[in-house]
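Worksheet for the structure shown next.
The values are calculated or read from the model by the stated rules, or taken from the named source; none is laboratory data. Values in this document were obtained by computation on a predicted structure and should not be read as measured data. Note that each Cβ is placed from the backbone with ideal geometry, even for glycine, and that neighbours are counted across all protein chains shown.
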Amino acid sequence: MVAENTKILTAEQEAKLLQPIDEAVGAIQAKINELRADGTDKVVEIQSILDNLKRDKIYTAQEKAARTQELQAQLAKAKEVEAKNKDEVSKLIAQAESYLKANYQGYYQAVTESCKAEKVQAEENYKAAVAALEQEHQATVSKLTDAGEVKDEKYVHKNRLFDAKMKRAKDLQEIKDRQHAAFDHRYHLIDLLRMSKFTFGETMAQKWESYKYTFNRRDFLLKNGLYIAIIIIFIALCIITPVVKNMPLLTVNNVLNILQQASPRMFLALGVAGLILLAGTDLSIGRMVGMGMTAATIVMHQGINTGSVFGHIFDFTGVPVIGRVFLALVVCVVLCTIFTTIAGFFTAKFKMHPFISTMANMLVIFGLVTYSTKGVSFGAIDTTIPSMIIPRFGSFPTIILWAVAAVIVVWFIWNKTTFGKNLYAVGGNPEAAAVSGISVFWVTVGAFIMAGVLYGFGAWLECLRMTGSGSAAYGQGWEMDAIAACVVGGISFTGGIGKISGCVVGVFIFTALTYSLTTLGIDTNLQFVFSGIIILVAVMLDCLKYVQKK
């Protein structure tokens, strides 16, 4: 019975509104099922038997062939029946859909209006319950004289208020469930009619409804709050820059410059992302970039090197240009991989925290490169090399394509290989992974080796982008940018959580923020402040998500 002067429906009234729809569509569905029995249903059944027969190892080849021939004959007959009834089935489906279109919205609208009224009623009931509890509490407290009894009463009152709040939450969830069920029932009927075939519009409508149904404001802000704040900052910078600097910030040229700067850094972030996935990190990235830049500049130097390594001056001018390019790449990758493998070995073998093993790497690399080169810069590389490897097509820098390729390769490794799955398993719970037969040692070392390869590529590309200028000091602080990009992108320091897409977004965010602040004329030192705040907030949100999950 409907409550007086309200639109609230009882369960009986809602069922009565839905009954004629179910009966009408159900009658059409029964006719469709009858037509499908010896046709479509038989086709599906026989195809399933054929698929199972192919995997079945009980029968001999001759028995399989005979059984397959028999089933193929049955399948052909079923398809004939299916084809014969196709037009009639389509006509009945169209009839049912037409009926749903004409009648279901009225039912759904009535349920929606009822739910709105129920929400108002639930809020009013909650306020009334709170008011009654407050009144009862005040009356009880006024009669008490003992401090202990007053304290107990306050505790009881607090629990009663919490119970009232939980009842309101339960009532609101039931109302939400009721409305969602009413929405979903229409697609359940369509699902039966069309055998799970939906149009694009219907699929999107279901996804949107599912999103609204499962939406939680707190979870949304934990997951996206930082991104929203950064977008607001970018919008503010886009508004401020034209006013302060008399030049627009959001231009095609600026976007391409950001992507170009982000490309070498993408390799570094993808490398350290695998280590963070194992609940680790790498403090030596910046020094590896300096080492790689120095080595690549020496190999690809324009003419005989002016600087020396341990007193020896290298001359690669006799090697063809393309040979020097690939030799530089190999040297960068090999050097970086050697050092990351050493750190990975100590981390995996002796359970050493990556913070320590990579910090040791950082010190050793910087000391060796600085001592061997006396800390000097090796100048520029051959001017023809960048245009060969990373040419510009008009205003488009092809260095971006190298980063895209790296993202695709690492994504494939993470998501489509056994090593990638083991990486997530070890990062999530190394003890459980070991028990299940996964070699934690080799997964850890493998992650460090992959990081070394990516660092080498990143250093090589940065050398091409900057046309040399390699020195031991180059890349200082880059490890923080790479780690921060991963953290902002949602790769959790708790291990086992993260996506490549998050890493990519994080790199773009930090590169774009640095570029924007530089364009605006913000001091480099203050830029570190912005980066530090972003990292702090990102890790805080990550910790909150972890605590909530626990």
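Of the residues making up region 40-63, those that are more than 46 Å from the chain's Cα centre (by Cα) and either in a helix (DSSP H, G or I) or in contact (Cβ under 8 Å) with a residue 60 or more places away in the chain (or both) are ALA61, GLN62, GLU63. If you go through region 482-499 and pick out every residue that is more than 18 Å from ASN224 (Cα to Cα) and in a helix (DSSP H, G or I), you end up with 2. Counting only helices (runs of 4 or more DSSP H) wholly contained in region 310-412, the ones carrying 3 or more residues that are modelled with pLDDT of 95 or more occupy 321-349, 354-373. Taking the numbered list (1) among the aliphatic types (A, V, I, L, M); (2) in a helix (DSSP H, G or I); (3) exposed (fewer than 14 other Cβ atoms within 10 Å of the Cβ) in turn, MET247 passes all entries but (2). Scan region 354-395 for residues that are under 19 Å from ALA296 (Cα atoms), in contact (Cβ under 8 Å) with a residue 60 or more places away in the chain and among the aromatic types (Phe, Trp, Tyr) and the total you get is 2.
Listed here are the residues, each with its yes/no results for (1) in contact with a His (Cβ under 9 Å, 6 or more places away or on another chain); (2) of a type outside the set (S, T, N, Q); (3) farther than 21 Å from GLY280 by Cα; (4) surrounded by 18 or more Cβ atoms within 10 Å (Cβ to Cβ).
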{"residue": "ALA451", "(1), (2), (3), (4)": "no, yes, no, yes"}
{"residue": "GLY456", "(1), (2), (3), (4)": "no, yes, no, yes"}
{"residue": "CYS463", "(1), (2), (3), (4)": "no, yes, yes, yes"}
{"residue": "GLY489", "(1), (2), (3), (4)": "no, yes, no, yes"}
{"residue": "ILE497", "(1), (2), (3), (4)": "no, yes, no, yes"}
{"residue": "VAL537", "(1), (2), (3), (4)": "no, yes, no, no"}
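The set of residues from region 299-320 being within 45 Å of the chain's Cα centre (by Cα), surrounded by 11 or more Cβ atoms within 10 Å (Cβ to Cβ) and within 17 Å of THR384 (Cβ to Cβ) comprises VAL299, MET300, HIS301, GLN302, PHE316, VAL319. Taken as a whole, the condition of being among the hydroxyl-bearing types (Ser, Thr, Tyr) and either in contact with a Pro (Cβ under 8 Å, 6 or more places away or on another chain) or without any contact (Cβ under 8 Å) to a residue 12 or more places away in the chain (or both) applies to THR241.
Quick one: is GLU88 in a helix (DSSP H, G or I), at pLDDT below 90 and either among the basic types (Lys, Arg) or exposed (fewer than 14 other Cβ atoms within 10 Å of the Cβ) (or both)? No; evaluated as a whole, the condition is false for this residue.
What residue, of LEU517, LEU541, LEU513, LEU536, is assigned to a helix (DSSP H, G or I), free of Cβ contacts under 8 Å to residues at least 60 places away in the same chain and more than 30 Å from THR373 (Cα to Cα)?
Values: LEU517 fails: free of Cβ contacts under 8 Å to residues at least 60 places away in the same chain; LEU541 fails: free of Cβ contacts under 8 Å to residues at least 60 places away in the same chain; LEU513 fails: free of Cβ contacts under 8 Å to residues at least 60 places away in the same chain.
When all the criteria are applied, what remains is LEU536.
Please specify each residue of region 428-450 satisfying the condition of being assigned to a helix (DSSP H, G or I) and under 30 Å from CYS332 (Cβ atoms).
If we filter region 428-450 for residues that are assigned to a helix (DSSP H, G or I), which is where we start, we get 428, 430-435, 440-450.
Result: VAL440, PHE441, TRP442, VAL443, THR444, VAL445, GLY446, ALA447, PHE448, ILE449, MET450.
Does any residue of region 251-269 turn out to be part of a loop (DSSP other than H, G, I, E, B), at negative phi, free of Cβ contacts under 8 Å to residues at least 24 places away in the same chain and assigned by TED's automatic domain parsing to the domain that holds PHE355? Looking for residues that are part of a loop (DSSP other than H, G, I, E, B), at negative phi, free of Cβ contacts under 8 Å to residues at least 24 places away in the same chain and assigned by TED's automatic domain parsing to the domain that holds PHE355, one finds at least one in region 251-269, hence yes.
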